[in-house]
Amino acid sequence: MRHNTEAKRQDHRLSTIESMNARIDTVERKRVAIIGGGISGLTSAFYLLKSAGKKGIELEVTLVDESRSLGGVFKSASYDGLRLDLGPECFVTGKPAVLDLANELGIGSTILRQSTRRTFIARGSFLSKIPDGLFALTPNLKDMATSDLFSWTGKIRMALEPFVQKQERLTDESVATFIERRFGKELLQRLAEPMIGGLYGIEPENLSAQMTLPYMRSLEKEHGSVIKGIIQKTVKRHSETGEWFTSPPSCKGTMATFDEGMTALTQMLEKCVQSKCKVIEAHADSIEPVNEGKTWKTRLSNGLQIDSDAVVVALPAKSAGRTLLQTDRWLSECLQSINYSSPIVVSLVFEKSAFKSAPHGSGFLVAGDTRKSVRACTFSSSKFKRRNYQNKVVLRVSVDSTKYRESSDEQIKIAVLEDLSRFIEITGEPLFCAVARHNEAIPQFAPRHGHLLKEIELRKNRFASLALVGNAYGAIGVADCITRAKEESQRIADCLFSVVNP
Ligand SMILES: Cc1cc2nc3c(=O)[nH]c(=O)nc-3n(C[C@H](O)[C@H](O)[C@H](O)COP(=O)(O)OP(=O)(O)OC[C@H]3O[C@@H](n4cnc5c(N)ncnc54)[C@H](O)[C@@H]3O)c2cc1C
């Protein structure tokens, strides 16, 4: 009896010591390496540190980027106190990720919504206004009827969309095939093609409909037609909530920016995380799992090696693929098979007097049969009423980078000014011109990209403490990158901190 009681006491003491040991083990610091310091990497650092802070856990974060400055494609140029965006220029407010992050960073009050939505398509030497509501899939019918962008036969073909048979076996197809099949060639050539060219820098034939137009495809699948789907959803919503609007999140809301431009976001993120994490400027050569992914080893080009408990790969897919070769050859090959376009952006500042009448509206997209060097032009100073634009006219131009990759900045500037003068009357020289080249920056979601992504997720999920973030994994927008980075950071935090705090 005595023996039994003593044994129980000993057992109890042992289990107390074990749990104390486990406790000592669990309060140990956790380490995360984040490779890539664009918006995806910076957001990951921000939310990981935030979750650790909330749980009172000490987290050691190392952020690696090969570039001298953080922010990735968020770049800007300055002229006379004006900060000009040379990377992203705005974000959609329909997806809350940017608004939420900006509020958490304390810069929510500096957000500026677009002051006009009037957008044009350049055809021949004319600018035709895109009918109101068409972007949001709720076109103004009067505007559609009177629009000079489409011919009557083109408009009738679009209106016949509900009678087009649904594709029974919905395999992925190109945006060009989907739009032409459902709405006819004119909508494809006069609207979809210039939009895709302006946004992605490629032709709609090379872009996956499943990745780019998921909402429209789901309407076809569920309702047999896009137009029927919109009408049925609208009626249902109205009967349930009294509201009419049924646009997808990507089309809802407006475009917005920050009063100091988009780099205000990455700069504030950098400021917030910098004091709490170690930043290393180096190229990451390889990322390898140790002990089946219980820890990670990242080798840098400067000879340094980072050991961590988790790794967030926030690189463009090709670069991610190269660094993950030792982790999983198939994952690496899938990532490297994603092609990227390399946009060129030109920012121009003029005096107002350089125009007979200053451009009004948010800008124009150039139709393929009209295109020379300019793919799209934003009338930045009209689209956003930023305080420091003062009396200047600011234009931001996307250039056909396939033609001008080898050209000098001066040659690009001359080609752009000559091409712009087909559509807007410019009588004076620009005060300032900046040319930015973004090498392999925008992923091309080719048809069947969705299948490739499934394969990538499957392989990645073999490692609980590996995260892949960036613009290759769903959608390219700033809001999408932030959403993914936030979700993946939460997953990594759960994985790391549940061990710390069971
Ligand atoms: C010109 C342009 C305009 C755009 N306009 C808009 C817009 O108006 N609105 C919108 O919503 N979206 C826009 N986008 C899309 C959006 O901005 C991007 O998808 C997003 O910013 C990508 O961020 P990221 O952090 O994933 O990648 P990146 O910004 O590409 O960052 C990746 C980082 O990884 C680093 N890196 C690469 N390889 C290595 C390596 N081996 N070792 C270490 N570091 C490495 C790079 O230096 C870089 O800093 C635009 C994109 C471009 C290029």
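Would you mind ranking I476, I482, I196 by Cβ crowding within 10 Å, fewest neighbours first?
Details: I476 20, I482 28, I196 24.
The order, fewest Cβ neighbours first, is I476, I196, I482.
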Worksheet entry | Gain upon complete extension [T110, K142; 0.36 nm per residue less C-alpha separation] | 7.9 nm
Practice prompt. Loop only per DSSP, at most 16 neighbouring Cβ atoms within 10 Å: give me the chymotrypsin sites (Phe, Trp or Tyr not before Pro) in the stretch 344-419, ordered by residue number.
Written response: none
Discussion item. Cut-off is 10 Å between beta-carbons; in what order do M255, M262 appear when sorted fewest neighbours first?
Written reply: M255, M262
Item to complete: List the residues of the stretch 271-305 whose backbone N lies under 11 Å from a point placed 7 Å from the Cα of R322 along the Cα-to-Cβ direction.
Response: 283-286
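For the stretch 132-252, what is one quarter of the convex hull surface built on the Cα atoms, given in nm²?
On the way: hull surface 30.2 nm².
Averaged projected area of the stretch 132-252's Cα convex hull equals 7.6 nm².
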Fill in: Long-range HN-HN contacts of T119 with modeled amide H, under 5 Å
I130, S362
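Give me D172, D409, D369, D65 ranked fewest to most by other Cβ atoms within 10 Å of their Cβ, as a rough exposure proxy.
Details: D172 18, D409 15, D369 11, D65 24.
With the sparsest Cβ surroundings first, the list reads D369, D409, D172, D65.
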Worksheet item: So, how do all the Cα-to-Cα distances of the chain break down into 20 Å bins, in percent, from 0 on up?
Response: 21, 50, 24, 4, 1, 0
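Taking 2.2 N^0.38 Å as the expected size of a compact globular protein, what ratio does the Cα radius of gyration of the stretch 255-398 give against it, to two decimals?
Working: Rg = 22.0 Å, N = 144, 2.2 N^0.38 = 14.5 Å.
Here the Cα radius of gyration is 1.51 times the empirical estimate.
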Worksheet item: aspartates and glutamates near K413 by alpha-carbon distance under 19 Å, same-chain residues fewer than 8 away left out - which ones?
Response: D85, E351, D400, E425, E429
Worksheet item: For S69, what is the net charge nearby, where nearby means another residue's Cβ is under 10 Å from its Cβ and Lys, Arg count +1, Asp, Glu -1?
Response: -1
Worksheet item: What value, in deg cm²/dmol to 500, does the helix sum -39500 (n - 2.57) over DSSP H runs of n ≥ 4 give at 222 nm once divided by the residues of the chain?
Response: -11500 deg cm²/dmol
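Could you calculate the contour length gain from R437 to H238, that is, 0.36 nm times the residue separation minus the distance between their Cα atoms, to one decimal place in nm?
Details: separation 199, 0.36 × 199 = 71.64 nm, distance 4.68 nm.
Length difference between fully extended and current span is 67.0 nm.
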Worksheet item: Within the stretch 132-252, what is the number of lysine pairs with alpha carbons under 18 Å apart, leaving out pairs fewer than eight places apart on the same chain?
Response: 11
Item to complete: Between S353 and N291, with labels modelled 7 Å along Cα→Cβ, what's the label distance in nm to one decimal, could you check?
Response: 7.2 nm
Worksheet item: Tell me, what ³J(HN,Hα) does each residue in the stretch 138-146 have, in order and in whole Hz, if you take phi through Karplus 6.51 cos²θ - 1.76 cosθ + 1.60 with θ = phi - 60° and put x for Gly and Pro?
Response: 10, x, 6, 5, 5, 4, 5, 5, 8
Fill in: Partners for K95 among aspartates and glutamates (Cα-Cα distance below 12 Å; same-chain residues under 8 apart left out)
D480
Worksheet item: How many nm is it between the label spots at E205 and R181, if each spot is 7 Å from the Cα in line with the beta carbon?
Response: 1.7 nm
Worksheet item: List the trypsin sites (Lys or Arg not before Pro) in the stretch 402-456 that DSSP assigns to loop (not H, G, I, E or B) and whose Cβ has at most 16 other Cβ atoms within 10 Å. Which are they?
Response: R405, R422, R448
Item to complete: Note the full-extension length gain between S421 and R68 as 0.36 nm times their separation in residues minus their Cα-Cα distance, in nm to one decimal.
Response: 123.4 nm
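Read-outs: derived from the displayed coordinates by stated rules, not from any lab. These numbers were taken from a predicted model, which means no experiment stands behind them. No Cβ is skipped: glycine too gets one built from the backbone with ideal geometry, and neighbour counts run over all protein chains shown.
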